[in-house]
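First up is the structure itself, then whatever we jot down about it.
Every number here is computed from the coordinates shown, using simple stated rules; none is lab data. This is a predicted model, so every value here is computed, not measured. All Cβ positions, glycine included, derive from the backbone under ideal geometry; neighbour counts span all protein chains shown.
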Amino acid sequence: MANDAQARREPADVLHFAGLTLRQWRWLWLALGLATAAALPWTVSNFTVFQFTQVLVYAIAILGLNLLTGFNGQFSLGHSAFYAIGAYTAAILMFHLKVPYFWTLPLAGVICLFAGFLFGLPALRLEGLYLALATFALAVATPQLLKYKAVEHWTGGVQGLTLKKPSPPFDLPLSKDQWLYYFTLLVGLLLFWCAWNLVHSRTGRAIQAIRDNPIAARTMGINTAMYKSWTFGVSAFYTGVAGALGAIIIQFVAPDSFTFFLAVLFLVGSVVGGIVSIPGAIFGGIFVTFIPNISEELATQIPGVAEEAAKGLTWTVYGLFLILIIYVAPAGLAGLLRMLLPRFVRR
Amino acid sequence: MDLFIQQVLAGLANGAIYAGVALAVVMIYQAIDHFNFAQGEMAMFSTYIAWAMLNGGLPYWLAFVATVVVSFLGGLALERIVFKPIQNAPALSHVIVFIGLLAIFNSMAGFIWEFTIKPFPSPFPSAPLFGNTLIGTHQVGMIGVTLIMLALIWVFFRYTDTGLAMRAAAANPDSARLVGVRVGWMLALGWGLAAAIGAVAGMLIAPVVFLEPNMMAGILLYGFAGAIVGGANSPAGAVLGGFLVGVIENLLGTFVPWIGNELKLSVALVLIIVVLVVRPSGLMGQRVVSRV
Amino acid sequence: MAALLEVAGLEAFYGQTQALHGIAFALEEGSLTTILGANGAGKTTTLRAICGMVRVRGEVRLLGERIDGRATEDVVRRGIAHVPEGRGTFVRLQVEENLRLGALTRRDRARIAEDFERVYHYFPRLKERRHQQAGTLSGGEQQMLAVARALMMRPRLMLLDEPSFGLAPLLTQELFGILARIKQDEKVSMLLVEQNAALALGLADHAYLLETGRVVMSGLAADIREDENVRKSYLGY
């Protein structure tokens, strides 16, 4: 029996740092992270709480992109489209059909799952670069599609739809912002847990085998077409749920919030956090949410730079980070940690 | 019938814009085997440089030539500085760097020249050509310039040693080195030419759509559509594809009521996907067999 | 007088794997030298190492000048034409464009036209197909095109990597006949790598035998042909 346990010990159980195994460290970090996340709304202003809710929403969307690009090797420059579908599904359900906000999430997710699957079908025949091109086209066309006259009654056209901010249930002693934060946190935890299990399952290994060597995967009997299409679907599911959450927390959807630059934003978050990483999506969410503030702050320090112009510089900063990361740390922040960690651990 | 002809002509006029951009897209694709997603923003940035020169009092054609030269050198430098270090990186890295450049050019243009919409002059007289109003003089001029560029590129690739070396470097870099081709510089040259063509396209487009940092987003999509429809490795195909996309877009917009003006970008989206799935080599492209 | 090509202590690496373990040989101007050996002995690697296509240690000298560590295109521009394994055809270009590429780095424009005729004289079939896409040629024709392209460079030294590979015996005979004529008519030195030892030894002046990245025998081709072991292992009689 003892031998069995010995044989099954993974590196995470063997490697030590300051007296704890890596697995123990992982749990410690998770507990610390959760405690911080739970305590956060009580220590900062309502606006900052809103910003952290935004971080979580972006993190979920970026996680969707990571599953597709990082783990399955399919490019997408068009995830803003799925985010938009999720957001509009939630908005239309709440605005026109008076559906409670929490019910809109599964619906938005499922609609995006099928939208993603359907887009993934023709995309199957498109290798790397061509898929990037097709999804680029999708992202650029999305705002125009959302403004389409025939569906204006439902979508609100250029004006978009304005929603009501949900109140906390059961008379919980929380502000609306605090409640939305906790609600998003719960949904996020559930989705991250599912993603973790998916990646570490048999299916997840098949998905990654397809990325690493599609032909070998096929000869091993993996139905690559089905896996790729469904990965596209699942990825869109995540991003769609994030879109629905985004609509709920901002209480507003309009076509021009879903331009190609939103897709670029997801890409930035994904690359900065680490494309082949699950926790990396959280770094990514934090990065894309707070960089605009920081870069504006810095730019306005330069003499002669107007506030309006400083806002424009945010994208330069994003762009520089994208290029920089490809140069110095192609695996993103998560990869950097993974690379540095072994220097400090011992068996 | 009159309406039909009018819309075909208007489509050709728009098509000239797309053809110019498609040509630049294909130039890069031939040189480096990638679609440059920053191509539109590079053209936009070049056009701003031209605008700044015109504003500084330079005569039009001098500013035009200077912009083309500056853009050529800029494209060259971009390859040597930004892309040379990652030449062996996977395709995804390249796409990410393209997107990074796109974001930088877009926001730098806004930062330097502000986001307000600016008029840009046309080099062609404003009087209608042949006294008709079906198609403007600027549009005819644009078609002419696009065709001249195509002819120049064709001659360059077909008859000059440098053009031949570029084709060789793109098709088979290892073999090209064995006949003494400096492959790295051929890539840089491809970037330079693409940037120069983009600059010409940008300066001809700006009088129609006005100058602003986001002027190229939709147009680049049409440019891609033109390149894909024509065949991503055929300059002539790209020009033909560009004109075709312009005409298709206009005819669908006019005669299919539910498409109208509003879904024109989606037409490009559908065109790209359908052509890629049904006939990836486009109308005039050569089929490329990928080896395992 | 320095030899045309001198190689000393040459080691070559693919990543961590070492493929050549310090080989040395020399090649006289105007001579044809062959490198023999089994699969994986390092024959192709030797040619690639001379052209700067793999990471190397050691010395490679062309007319006394160090060329190791230089970029492939610079080595080539010094007068070394490499007919690579797999022929390196530019399949989408026309036959004539392939030949034009051979002459790309030359400055003596006037003599290029003359050389087209010279090359077509050796390979009349290429002249018939000069406007065809090179990818449509047969394997043997592509091999001829590769040799012709190398000739268009007017090289001092030609490196030939298994020109007989994948050719029918009759075509191989024809090709080696042409190589013999080129050797006689042109003042070009050749370094020939071959699996077909009998053919190679018939053509060569000198020969080196490689085994697992080391030179195990060298000498006049005529002497090597008489060697008992070589006869048994490589010539099969």
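The relative contact order of chain A comes to 31 percent, based on Cα pairs under 8 Å that sit 6 or more residues apart.
The helix-based estimate of mean residue ellipticity at 222 nm for chain B, built from -39,500 (n - 2.57) per DSSP H run of four or more residues and divided by its residue count, is -24000 deg cm²/dmol to the nearest 500.
Which parts of region A:176-215 would a label at A:Ala38 reach, counting a residue when its backbone N lies under 18 Å from a point 7 Å out along Cα-to-Cβ? Counting only backbone N, you get A:178-193.
Only helical runs count toward this figure. For chain A, summing -39,500 (n - 2.57) over DSSP H runs of n ≥ 4 and dividing by all residues gives -23000 deg cm²/dmol at 222 nm. Would you give the gap between the C-alpha center of region A:225-256 and the C-alpha center of region C:179-235, rounded to a whole Å? Measuring centre to centre over Cα atoms gives 68 Å.
Using r as the Cβ-Cβ distance of C:Arg109 and C:Thr136, and R0 as 22 Å, what FRET efficiency do you calculate, to the nearest 0.05? Please list the in-between numbers first.
Numbers: r = 29 Å, r/R0 = 1.33.
Between C:Arg109 and C:Thr136 the formula returns 0.15.
For region A:45-343, lysine pairs with C-alpha atoms less than 28 angstrom apart, excluding pairs fewer than eight positions apart on the same chain, total 13. Structure remark: mean-square fluctuation, Gaussian network model of chain B, C-alpha springs under 10 Å; the largest value among B:Gly56, B:Gly15, B:Gly40 belongs to B:Gly56.
Of all the options A:Val49, A:Val253, A:Val234, the one that moves most in a Gaussian network model of chain A with Cα springs shorter than 10 angstrom is A:Val49.
Ranking of B:Thr162, C:Thr33 by neighbouring Cβ atoms within 10 Å, starting from the fewest: B:Thr162, C:Thr33. Comparing A:Phe114, A:Phe50, A:Phe321 in a Gaussian network model of chain A (Cα springs below 10 Å), the most mobile by mean-square fluctuation is A:Phe321.
For B:Lys118, the aspartates and glutamates whose Cα falls under 20 Å of its own Cα, not counting residues fewer than eight places away in the same chain, are A:Glu308, B:Glu41, B:Glu212.
How high is the relative contact order of chain C, in percent, counting Cα pairs under 8 Å that sit 6 or more residues apart? Spell out each step's value before the answer.
Working: 439 pairs, mean separation 62.8, N = 237.
RCO, chain C: 26 percent.
Derived scalar couplings between HN and Hα for region B:95-109 equal 4, 5, 5, 4, 5, x, 4, 4, 4, 5, 4, 4, 7, 5, 4 Hz in order, rounded to whole Hz, by the Karplus curve 6.51 cos²θ - 1.76 cosθ + 1.60 (θ = phi - 60°), x for Gly and Pro. Beta bridges from DSSP with both residues in the protein assembly as shown: antiparallel share about 60 percent, rounded to the nearest 5.
Residue order for A:Tyr238, A:Tyr227, fewest other beta carbons within 10 angstrom first, comes to A:Tyr227, A:Tyr238.
Fully extended, how many nm does the chain gain between C:Ala8 and C:Asp74 (0.36 nm per residue separation, minus their Cα-Cα distance)?
Details: separation 66, 0.36 × 66 = 23.76 nm, distance 2.01 nm.
Full-extension gain reported as 21.7 nm.
Give the shape of chain A as rounded, prolate or oblate, defined through the alpha-carbon gyration tensor: a ≥ b ≥ c are the square roots of its eigenvalues, a/c under 1.5 means rounded, and otherwise the shape is prolate if a/b is larger than b/c and oblate if not. The shape class here is rounded.
Relative contact order of region C:35-79: 29 percent, from C-alpha pairs under 8 Å at least 6 residues apart in sequence.
Calculated mean residue ellipticity at 222 nm for chain C: -10500 deg cm²/dmol, from DSSP H runs with n ≥ 4 weighted as -39500 (n - 2.57), summed, divided by the residue count and rounded to 500. Counting only aspartates and glutamates at least 8 places from B:Lys264 when in the same chain, those with an alpha carbon closer than 14 Å to its own are B:Glu249.
Compute the FRET efficiency between A:Leu28 and A:Leu186 as 1/(1 + (r/R0)^6), taking r as their Cβ-Cβ distance and R0 = 22 Å, and round to the nearest 0.05. Please list the in-between numbers first.
Working: r = 22 Å, r/R0 = 1.00.
It comes out at approximately 0.50.
Values of log10 I(q)/I(0) for chain C across q = 0.09, 0.15, 0.16 Å⁻¹ run -0.36, -1.03, -1.17, by the Debye formula with one identical scatterer at each alpha carbon and no solvent.
Size of the dipole of region C:134-237 about the Cα centre, Lys and Arg at +1 and Asp and Glu at -1 on the beta carbon, nothing else charged, in debye to 20?
On the way: 10 positive and 13 negative charges, 58 e Å.
Dipole size: approximately 280 debye.
Placing unit charges on each Cβ (+1 for Lys and Arg, -1 for Asp and Glu) gives chain A a dipole about its Cα centre, and among A:Ala139, A:Gly157, A:Leu65 the Cα reaching farthest toward its positive end belongs to A:Leu65. Cα centroids of region B:134-191 and region B:15-68: 15 Å apart. Seen through its C-alpha gyration tensor, with square-root eigenvalues sorted a ≥ b ≥ c, region C:37-168 comes out oblate because a/c lies at 1.5 or above while a/b is not bigger than b/c.
Sort B:Val245, A:Val151, C:Val60, A:Val288 by Cβ crowding within 10 Å, fewest neighbours at the top.
A:Val151, C:Val60, A:Val288, B:Val245
Mind jotting down the distance between the C-alpha centroids of region B:76-106 and region A:34-95, whole Å? Here the two parts' Cα centres lie 28 Å apart. Annotation: peptides C:145-155, A:163-173, B:207-217, ranked by per-residue average of other Cβ atoms within 10 Å with the highest first, follow the order C:145-155, B:207-217, A:163-173.
Taking square-rooted eigenvalues a ≥ b ≥ c of the alpha carbon gyration tensor, is the protein assembly as shown rounded, prolate or oblate, where a/c under 1.5 means rounded and, failing that, a/b exceeding b/c means prolate? In terms of gyration-tensor shape, oblate.
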